Structure formats: C-alpha cells, structure tokens
Amino acid sequence: MAGGPTHLDSARGWVTACGAALSVMAAFGTIYSFNAFAKSMATEFGTGHGPISLVFGITVFLFFGSAVVSGRLYDRFGIAPLLVIGGSMFCGGLFAMSHVSVLWHGYVLFGVGLGFGGGLFNAPLFALTAMWFARHRAVAQGLVATGSGLGTMLFAPLAQWLLEIHGWRGGMRVLAIVAAGIFVTALFMIKRPPKMEMGDAARHVALVVRSAPFWQMAIAGIFFTVAVIGSLGSVVTFAQDDGLPARAAVALFTIIGFASIVGRMALTSLARPLGSVRLLKIAFFGLPIAYTVWFFTTRVGGLEAKFVLLIVFASILGVSYGGFVALLGDVTAHLFGLAGLGAVMGMLFFSSGTGALFGPPLMGFTADATGGIGLPIVIAGLIAAVGVAVLLPMTRHPVPLPTYVGPPGVSPPRPAPLAASPPRPLVPPQSVMRGPNGETVAPMIRPVADPLTAAQSLPLSAALRGAPPEVFWPTLVEGASEQNGATAPVAVADLARSN
C-alpha cells in the first residue's frame, strides 16, 4: 500500500527466509544426529540410556533456552554477529566433542558448543523472518521451520552412514565441516530488514509477559517439549531395544523429519483461512494420539507389524512437532504484535528449552530403572495431554496491547482532519443540557485525544478490555495540509486477518 513499508513480502525477504532455513537445517540436523551416535557412545563409555540422553537434553535445553538472551541481543545488534559467533561455537564444540575421553566432557562441549552456540542464532532467525513479511508471514515462518525437518530427515541417515565408515568420532568431525559450510553460505543470504520504529518495546514486552495467553503458550510449550524432545532423544535407542535393526531405527528419525516438513507446509498454508492459533492447538492435540500408537507397538510381537505402527507414530509426531515449530512465530506476532518480538520469542523458546532439559533424561533414566520402554512412553503421553489442556482455552484474538510500527525517529502520528471534510458540530443537538428551570447550561465537552496515546496511558486492566490495536504506518492524508506535515495513521494489512 502507498506509504507503507515496501520491504514487506519482497523478494529480498524470501532470500533471507531461505538463508535462515539453511542455518536452521544445519543446526537441528547436526544436533539430532546425536541419536545415531548414542548407542555406540554408550557402549564405548559403558553407560546406560540415562547418562547419554543427558548430553542430548542439556544441548537442546541450551539450544532453546539461550533464546532468552539471544532474542534481546538480536533486537540490539542484528543477526550477523550472532550467526558468526554462534556458528563458530557450534562447529568448534562438535569438533572438540569428537576427542573427548570422559563422558562429562561431552556435557560441556556438545551442550555448550552446539546448544548455546546454536541458540544464539536459532530464535533470532525466526524473529528476523517475521519482520520481513506481513501477508505471507505464516508461509515464510513455515519455510524457515522446514529447515529443521530437512535437517532431521537428511542428517540422520548421513550420520548413520558416517558412523559405519568413520565411527562416531570421525562422523562428528565430518558433520562439523558440513555445518560450517552451510553457515557461511547462509550468512551471505541473510539480511536484517529496514529498521522500523517500535515505540516503547520494553514496556510492550512487560505487558506481554503479564498477559494470560503468554503464560498459556509458555507453560504448554514446556509440556510439549518434555514429551517431544524426550521422544526424539530416545526413539532410535528404544526402537533398537524393541528389536529393530539399527538402520530401521534410524529410518524412523528420517520419517519424523519428512512428516515434520509435511506438517509445516500443510499447516502454514492453512493459516490464513483457518487461523494459526487454531492450527497450533491442532498440532498439540496430535501428540497424545501419537504416544498411544507408540505404546501399542510395545505390545506387538512381529517386527513387521511393529515397524508399521512405529511409522504411524513417527508420522503423527513429525506433523505435530513440525506444526508447533512452524506456527510459533506467526502465533506470537499475531497475539502480541511486532514490538520486542525477538525478546518475546526468546522467552517462549526458553520455556520450551526448560522442557527439553527434562524430557530426554526423564525417559532415559526411567527406562534404565524399569528395564523397559513402556512406562517412559506412557509418562510422555500424559505430559503431552496436560499441555493440550493448558493450550486449548487460549484466545484466538490479538491481545489488545498498544503498539506502533513506523519509520525510525518518527513518533506515533496524530490523526489530521481532512480539508474537504465538512465540520462536525461540537455538541450534538441531543446532548444540549437543561438546568432545573429549563435554562440552557454550558455542556461539559471532553477534549478529543489521540486514541493511540490514550491507549498507551491506560492501566493494564483497562488496556486488555479494549479492542486489539492496529499497527500504524504514517502516510500523508490526501487533502491534508502538506506544509504542516499533517499525517494520519494507516493500518498495515498484516494484522487484518482472522486467527
């Protein structure tokens, strides 16, 4: 629209989204390839499921949890420094992990290097993509999230092939080189969008944190990742313990990756007609169904029937997981607006990371203690069901928080009357006041205030009761006085959709 931000939904934005997808692919794919190496590492170090799964849990916790820091760093410094520093930590930690002689060293090198290093740029990439798009934001977010599905689908068989040729140590070294090449390529594709004025972002974030939908998303995210990341960290090992050959077990991870891509693209393509909030709830609802199928596989005797049921489980899990990752950014922007988006998404990623810290060791140590995989699966299914119960009541409408988006250095504009508009009476006839003896009394006229400024001055309870705000971009009103620089706010179309 005339006078609006021209970078929204531009070709440059799509190039940036593709670069972000490559980075996400390398990060997720490399971290999840740990599952292909886990059995060999457990044998070499003489441990059970629990200690090895703790490496994966710490890594994923830091990968998501560091977003509470990286989101704010992105808002201040942009994406390039985070990708350079984080990518260097990521590849360096993976290379160093291949030389460890004691398992606890892996908690530090793999966990801090890949977890914290990857987390420096993971959440900011989703926030960055959201800032490039308005009309096609959900599809663009789905494209970036597809990177994690591609990584899961492609890196798992690659890791298994490297394991058979070079062992787990040599395989990690090769993956470090592959990841470094992808990060360098993505760095040339990614660009920060033109700066836009966001008003008081810190106050906006403070209001977001005090809203009920934020806590519903955060708490549901914890339960979701306890179940999902716990499953991703154990599905290959559990399948092998249940009798499947190593290649068939790793193939389940490939199926999860492929299904997550299908889920990302299918659900984000339906975001405009059905609403991304509604679809996020559907993605959550798929988890209890997936764990019910997984539990039944432990009660089936034949390997062929067991493998078929595991494919069904992996497909449902992949669609649910893919939908959650793909829709999170769009739902966050829809509910809370663009102001301080990096910080808000960082806090939501942190909550997810908290769940990831407990999921893998919970399932691993429970399997060690019980000598079977049935109870860990039941626990994961119950946890997922609690997450569904928390998220289902969440509103589908934007939280009415005052915000403003526009060019840098420009204050929120005040509406200017059109020159051609006929003057309106200050006091409507029906509002004329009469005294006790019938005489005319001068009425009390409330001064007209800028609705945006008035909304910002409201207390939280009053602000939350009003209609959701629009995002404004100042543009010259036809017929207004150009010499006085009169402007009027025009609503940007990216919030004018039903969720």
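A few notes on this one:
- Net charge contributed by nearby residues that have their C-beta within less than 12 Å of L391 (K/R +1, D/E -1): +3
- Each of M153, M345 was scored by other Cβ atoms within 10 Å of its Cβ. Listed from fewest to most, they are M153, M345.
- For F133, residues with placed amide H under 5 Å, excluding near neighbours: D9
- Taking the Cα centre of the stretch 172-232 as origin and assigning +1 to Lys and Arg Cβ atoms and -1 to Asp and Glu Cβ atoms, the resulting dipole is close to 140 debye.
- Derived scalar couplings ³J(HN,Hα) [the stretch 367-372; Karplus, 6.51 cos²θ - 1.76 cosθ + 1.60; whole Hz; x for Gly, Pro]: 5, 5, 6, 9, x, x
- A38 sits among other residues whose Cβ lies under 13 Å from its own Cβ, and their net charge, with Lys and Arg +1 and Asp and Glu -1, is -1.
- In sequence order, the stretch 97-103 has phi-based couplings of 4, 5, 10, 5, 10, 10, 4 Hz under the Karplus curve 6.51 cos²θ - 1.76 cosθ + 1.60, θ = phi - 60°, and Gly or Pro positions carry x.
- Hydrodynamic radius of the stretch 168-284 by the Kirkwood approach over all distinct alpha-carbon pairs: 18.8 Å.
- Over the stretch 11-391, the fraction of Cα-Cα pairs per 10 Å bin, rounded to whole percents and listed from the shortest bin up, is 6, 26, 36, 23, 8, 1, 0.
- Projected label distance in nm at R272 and I85, using a 7 Å step from Cα toward the beta-carbon: 3.9 nm
- Label-to-label distance for L154 and I177 is 1.7 nm, based on points extended 7 Å past Cα in the beta-carbon direction.
- Percent RCO, i.e. relative contact order, over the stretch 63-132, from Cα pairs under 8 Å lying at least 6 residues apart: 51 percent
- Note, ³J(HN,Hα) from phi for the stretch 24-30, Karplus 6.51, -1.76, 1.60, rounded to Hz, x at Gly and Pro: 5, 4, 5, 5, 5, x, 5
- The stretch 203-267 and the stretch 20-92 have Cα centres spaced 15 Å apart.
- Net charge, A367 excluded, C-beta distance under 14 Å - Lys, Arg +1, Asp, Glu -1: -2
All of the numbers you see were taken from the coordinates with simple rules; none came from a lab. Just so it is clear, the model here is predicted, and its values are computed rather than measured. Glycine gets a Cβ as well: all are built from the backbone with ideal geometry, and neighbour counts include every protein chain shown.
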